[in-house]
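K.L.:
Before I ask anything, here is the structure I am working with.
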Amino acid sequence: MATPKYRRIVLKLSGEALMGDQSFGIAPDIIQYVADEIRSVTAMGVEVAVVVGGGNIFRGIAASSYNMDRASADHMGMLATVINSLALQDAMEQKGVVTRVQTAISMHEVAEPYILRRAVRHLEKGRVVIFAAGTGNPYFTTDTAAVLRGQEVHAEILLKATKVSGLYTADPVVHSDAELIPEISYMEVLERQLRVMDMTAISLAMDNDLPLVVFNLSDAGSMKRIVCGETVGSLIRN
């Protein structure tokens, strides 16, 4: 068995990644696939925390453009992340992986409240912890929540799962000559305004020296290869 390079990681999973070929909602085969990918990493003894978005169900910033109050829209988006988190928890536990969902908004009947020391204890016991409801505050994205939680639990690296193989010099869908950027600094990402994450998340990761890998979720085994120290996707660090 390969030896993992990292002991504790945070996976940022967008809501859109759970849609598959659908235009809305959760694709059962995709969420089972994601659960298998996470299980392959936990099987090596790596502690895994997950932050899930809610864009496949409701996106607050989009709704606010239709004259909905931004705070109300963002709170609805947070609830969407809870739905995705509970679905992922169910898929994980069907595969024998003990999982806990912690939410930044109290809803005791369906999930634990976010308590840092309890989250760390779960990780130490080998449980996957899914952080739902973002930071619990409007105007902050789940990207920022992923960096924040990563810092709080002392994760060694943040993995951002996307639909592309990493950062490119241009949009690879539009520009066939776009080249993959294997490694780049956070400052360059900010200067070039590369939209891998929102600027708040990038700045927070840079200030706290948290490395980030952007990779294609659909490449089976990519998470495991990253955790084992292989070069996959694009690495962003100071």
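Bear in mind that the values in this text are calculations on the coordinates, not laboratory data. Keep in mind that what you see is a predicted model, and the values were worked out from it rather than measured. All Cβ positions, glycine included, derive from the backbone under ideal geometry; neighbour counts span all protein chains shown.
K.L.:
With a sphere of radius 11 Å drawn around the Cβ of residue 38, what net charge do the other residues whose Cβ falls strictly inside it have (Lys, Arg +1; Asp, Glu -1)?
P.N.:
Summing Lys and Arg as +1 and Asp and Glu as -1 gives +1.
K.L.:
Output the peptides 81-93, 205-217, 26-38 sorted from most to least packed, where packing is the average of other Cβ atoms within 10 Å over each peptide's residues.
P.N.:
The peptides rank, most packed first, as 81-93, 205-217, 26-38.
K.L.:
Same structure again: For the cross-link pairs 160/224; 95/224; 12/125; 5/224; 125/160, which exceed 19 Å when the distance is taken from alpha carbon to alpha carbon?
P.N.:
12/125; 125/160
K.L.:
Here's a follow-up. Using amide H atoms built 1.01 Å from N in the peptide plane, name the residues 5+ places from residue 27, or on other chains, whose amide H lies under 5 Å from its own.
P.N.:
HN-HN under 5 Å from residue 27: 19, 20.
K.L.:
A further question follows. Output needed for the stretch 8-237: three equivalent-ellipsoid semi-axes, defined as square roots of 5 times the C-alpha gyration tensor eigenvalues, in descending order, whole Å.
P.N.:
24, 22, 18
K.L.:
Further question on the same structure: Name the residue farthest towards the positive end of the dipole of the chain from the options 18, 35, 4, assuming +1 on Cβ of Lys and Arg, -1 on Cβ of Asp and Glu, about the Cα centre.
P.N.:
Checked the options; the winner is 4.
K.L.:
If a paramagnetic tag sat 7 Å from the Cα of residue 27 along the Cα-Cβ line, which residues of the stretch 184-227 would have the backbone N under 14 Å from that point?
P.N.:
So the set is 217-220.
K.L.:
Which of the listed residues, 216, 150, 102, is farthest toward the dipole's positive end in the stretch 8-237, when Lys, Arg count +1 and Asp, Glu count -1 at the beta-carbon?
P.N.:
102
K.L.:
Which value in nm describes the separation of the simple spin-label points at residue 218 and residue 121, placed 7 Å from the Cα toward the beta carbon?
P.N.:
4.2
K.L.:
Could you give the radius of gyration (one decimal) and Dmax (whole number) of the Cα atoms in the stretch 7-63, in Å?
P.N.:
Here Rg and the maximum Cα pair distance are 12.9, 41 Å.
K.L.:
Okay, moving on. Just to confirm the filter: which trypsin sites (Lys or Arg not before Pro) across the stretch 1-97 are DSSP coil and have at most 15 other Cβ within 10 angstrom of their Cβ?
P.N.:
5, 7, 95
K.L.:
A further question follows. Report, by chain and number, residues whose modeled amide H sits under 5 Å from the one on residue 130, excluding near sequence neighbours (fewer than 5 apart, same chain).
P.N.:
Residues meeting the criterion, in which the H sits 1.01 Å from N, are 50, 100, 101, 102.
K.L.:
When the helices in the chain are scored as -39500 (n - 2.57) per DSSP H run of 4 or longer and the sum is shared across all residues, what 222 nm value do you end up with, to the nearest 500 deg cm²/dmol?
P.N.:
-11000 deg cm²/dmol
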